[in-house]
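Below is one structure, written out as structure tokens; comments come after it.
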Amino acid sequence: MALSETHPTYLSGIIFDITHPTMPHEIRDYRVCCLSNSPRGWRNDIFRYIDNGDGTVTDNKTGLIWLKNANCFGEQDWKTAMLRAAKLAHGQCSLNDRSKPGDWRLPTEDEWEAMVDERYILRTISNGTGQWKQGDAFTGVQSSWYWSSTASSTSSAWLVRLSDGRVGNGGKTLAIYVWAVRDGH
């Protein structure tokens, strides 16, 4: 059965068994991100994330290709995060995908929101068919904040907390986790 606009919550991502980390006081405009309606034809009974075996994972819902290792870069300020993602290429972070510098970037705020699954209270993403467990498509996923490429002002940018799917507006000098993505083929 294809999902429709009447079933907005049947999406998937990665689940964490963690407690709430504290939110840095520098994060402002704290809000809950919510998913929009499921696109027609998206099925809840197929895997959303496919490990490509080359250090990348394809999101079958959005078509985006994510870096398999969600903790390759650790925590960086926003400018460094943007530069490190843009310079990512084959041979780095266990990549064997023939990518070149300029292929990778930080996800946008909207791309993060599409990854979050509001069915999981206090947890944000699943493996596509059930509860995420070690060994599923991604590795190194942190239950903390991750940068988006979306600036909210000259001194701040949007970020998402993967422990609960919250979206916040943080100062660009904060040290926040970096997870690179690229457009699909």
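The values are calculated or read from the model by the stated rules, or taken from the named source; none is laboratory data. Quick caveat: nothing in here was measured; it's all calculated off a predicted structure. For neighbour counting, all protein chains shown are included, and Cβ atoms are generated from backbone atoms with ideal geometry for every residue, glycine included.
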So the strands (runs of 3 or more DSSP E) completely within the stretch 24-78 holding 1 or more residues that are more than 25 Å from R98 (Cα to Cα) and modelled with pLDDT under 90 are 28-32
Is the stretch 87-109 home to any residue that is among the hydrophobic types (A, V, I, L, M, F, W, C), outside any loop (DSSP other than H, G, I, E, B) and either within 24 Å of S143 (Cα to Cα) or at pLDDT 50 or above (or both)? no
If we ask which residues in the stretch 138-153 are small (G, A, S), in a strand (DSSP E or B) and out of contact with any Phe, Trp or Tyr (no Cβ under 7 Å at 6 or more places or on another chain), their number turns out to be 2
Worksheet item: Is one or more of the residues making up the stretch 53-76 free of Cβ contacts under 8 Å to residues at least 12 places away in the same chain, under 20 Å from Y146 (Cα atoms) and over 15 Å from the mean Cα position of the chain (by Cα)?
Response: no
If we keep only residues of the stretch 69-99 that are more than 18 Å from V160 (Cα to Cα) and touching a strand residue (DSSP E or B) at 6+ places or on another chain (Cβ under 8 Å), then the residue surrounded by the fewest Cβ atoms within 10 Å (Cβ to Cβ) is S94
